Every structure is written in structure tokens, then in C-alpha cells.
Number of protein chains: 2
Amino acid sequence: MNWLDEIKWDRDGLVPVIAQEAGSNDVLMFAFMNREALALTAERGEAVYWSRSRNRLWHKGEESGHIQTVHEIRTDCDNDVVLLKVTQRGYEPGIACHTGRHSCFFQRHEGGQWKSVDPVLKDPASIYK
Amino acid sequence: MNWLDEIKWDRDGLVPVIAQEAGSNDVLMFAFMNREALALTAERGEAVYWSRSRNRLWHKGEESGHIQTVHEIRTDCDNDVVLLKVTQRGYEPGIACHTGRHSCFFQRHEGGQWKSVDPVLKDPASIYK
């Protein structure tokens, strides 16, 4: 059986994907892949997602240069989520978020509010020219 | 504005949730919450999910005793994913997976196959009596 057939694709033909930084184990971002994106990710060793907003394949870093080298591809006990272990390229420390932050998960719940608690490492205007 | 209103609930009224172990930063599991589950999680300081298979609130550990103490609740740049920092209770080291493993993400892609690479820490038959 093909490993791609073992994934339980959702009603849109997608699977949720968590990208985790190798070494730090920081959760960098969350996105989706379709079958082709997952196949390409394994083939190239670089993360290729499915952009739901643009409705097309999205080679992470294609605009920003913030490519993700993929070291491991994992799935969970239900075969319906994918976890990538990646190195975030293009800047030191790695920037995974389009806001110029290390991780997309920079908002923390505090006293009934969401607070931005992580710094912008690079101005997004200089990332996306 | 209520922090719960800032979450972009999906068409089923749910938000995907990543549970990450405080300290190790291991990704333990992935599940969903509805608004009530997220409110209860913040209120109790223990993870309460929405079980899509059972169609009801699911206080993680209610059967297994493997409760998750929640230290942080984060959301991402799009407000459509939640990340929890938790301590996995009830066993040492923590067991988050119903298969008796530490993490649900125990299958790794190797040479075109999914391989189980992490050990079962406790027999599921003795977890769910």
C-alpha cells in the first residue's frame, strides 16, 4: 500500500500539518497539504503546502526565501495529521511567520485577552518585496 | 472584545488544537475544541476538547486518568489554530496517546512506508478498563 493512501484525507482532500523546528522543538506553524504537496515534500526534502487562500501549491519560502528543510515526516495514531521536523532557512534565528516572527504562535492568552509576546525579528515589508 | 470571539471558528464551529509538552516541547497530540471546550480549558487549567467521533465535550483523561494541566494557551497569526503548553499527568513519562505511547506522532515516513518508531509505555488494555 502506498504511504500516501494511508493518510485519511479530509473532505477537501487535505491533511493538517504541524511544522516543528528540529533541535528546539518549537512549533513554528500550522498549514495544510493535499496529496501532491505531501508527495513533493518527501521528494524534495522541503516543505510544500497547499494554500487554501490561494488555492494552489505553496512551496514555503518561494517569496520570502524562508524555506523549510524537512528532516522527518510523521503521522499520528489516526493517520489524519502530519508532523514535520524542519530546519527553518533564510534567516538566523528562523522566521516561519509572515509577520516576521520565529513562530506563528506568538499570541498568548492572558487575563481574558490575546497578547503578542514574541518579537518581530525582521520587518515583513523587507521580507515580501 | 471577548478573546473567544477573536478565534476564527471553522464551518463546524471548531478550532484545531496542538498539545505540546512543557519542558520537552514534544508535540503530544492534535484535537479540536469548540467554544465551550476552549472556555472550560482556560477556566479549569485542564485540557477539554471536542470529540468529533463522540460528538461531545471530552475532558482529556476522563477515562484514562491522563489529564493535561494547561500552562499556556496560544493562538497563531490567523487566530485559527490553538497551541497548548501542557504537562501530561497520570504516568511517568506522560502518555498522551490512546495506544499507550508518549505522543500520537509515533509513525515516521521511511522509504515509502510509515514505521512505528516509539515504544508503547503502557498496555492500552490496562489504561481503558
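Bear in mind that the values in this text are calculations on the coordinates, not laboratory data. Quick caveat, the model's predicted, so the values are computed rather than measured. Please note: Cβ atoms are built from the backbone with ideal geometry, for glycine as well, and neighbour counts cover all protein chains shown.
Candidates A:Met29, A:Val15, A:Phe106 compared by Cα position along the dipole of chain A: farthest toward the positive end lies A:Phe106, with charges placed on Cβ. Annotation: amide H-H contacts under 5 Å for A:Leu28 (H modelled 1.01 Å from N, sequence separation of 5 or more, or interchain): A:Ala19, A:Gln20, A:Glu21. Shown for B:Asp12: label points 7 Å from Cα along the beta-carbon vector, and their distances to the equivalent points in the other copies, 1.3 nm in ascending order. Amide H contacts of B:Asp76: B:Val81, each under 5 Å away and 5 or more positions distant or on a separate chain (H built 1.01 Å from N in the peptide plane; Pro and chain starts excluded). Take A:21-28, A:3-10 and order them by the average number of nearby Cβ atoms within 10 Å per residue, most first; the result is A:21-28, A:3-10.
If we count every other residue with Cβ under 13 angstrom of B:Trp3's Cβ, Lys/Arg +1 and Asp/Glu -1, where does the sum land? With Lys, Arg at +1 and Asp, Glu at -1, the neighbours total +1. Is the shape of chain B rounded, prolate or oblate, going by the alpha carbon gyration tensor and its root eigenvalues a ≥ b ≥ c, with a/c under 1.5 for rounded and a/b larger than b/c for prolate? In terms of gyration-tensor shape, prolate. How would you classify the protein assembly as shown from its alpha-carbon gyration tensor, with a ≥ b ≥ c the square roots of the eigenvalues: rounded for a/c under 1.5, else prolate if a/b is greater than b/c, otherwise oblate? Oblate, since a/c reaches 1.5 and b/c is not below a/b. Against chain B, whose longest principal axis comes from its Cα atoms, helix B:35-44 is set at around 70 degrees. Using a 7 Å projection from Cα along Cα-to-Cβ, the label point at B:Gln113 is separated from the same position in the remaining copies by 5.5 nm, smallest value first. Couplings for segment A:50-55, taken from phi via the Karplus curve 6.51 cos²θ - 1.76 cosθ + 1.60 with θ = phi - 60°, read 9, 7, 6, 6, 9, 6 Hz in order; Gly and Pro are left as x. Going through the cross-link list A:Lys8/A:Lys122; A:Lys60/B:Lys122; B:Lys8/B:Lys60; A:Lys8/B:Lys115, which pairs have a Cα-Cα distance over 27 Å in this structure? The answer is A:Lys8/A:Lys122; A:Lys60/B:Lys122.
When the Gaussian network model of chain A links Cα atoms closer than 10 Å, the mean-square fluctuations of A:Lys115, A:Lys85, A:Lys60 top out at A:Lys115.
Counting only other chain Cβ atoms within 10 Å of each residue's Cβ, the peptide A:74-87 averages 5. For chain A, the Cβ-based charge dipole about the Cα centre amounts to some 420 debye (Lys, Arg positive; Asp, Glu negative; other atoms uncharged).
Cα gyration tensor of segment A:12-88, axes a ≥ b ≥ c as square roots of the eigenvalues: rounded (a/c below 1.5), prolate (a/b > b/c) or oblate? Note, shape of segment A:12-88 comes out oblate. When B:Arg52 is represented by a point 7 angstrom out along its Cα-to-C-beta vector, the spacings to that point in the other copies are 1.1 nm, nearest first.
Residue by residue along B:111-117, Cβ atoms of other protein chains within 10 Å of the local Cβ number 3 on average. Between A:Glu62 and B:Glu92, what is the spin-label point distance in nm, taking each point 7 Å from the Cα along the Cα→C-beta axis? Computed distance between label sites A:Glu62 and B:Glu92 equals 5.0 nm. Chain B comes nearest to the axis taking it onto chain A at the Cβ of one residue; that residue and its distance, in whole Å, are B:Asn25, 2. Computed from the Kirkwood radius of its Cα pairs, the Stokes-Einstein diffusion coefficient for segment A:74-129 at 25 °C and 0.890 mPa s stands at 183 µm²/s.
Here's the picture: a label point sits 7 Å out from the Cα of B:Asp78 along the beta-carbon direction, and within segment A:1-28 the residues with their amide nitrogen under 19 Å of it are A:9-21, A:27-28.
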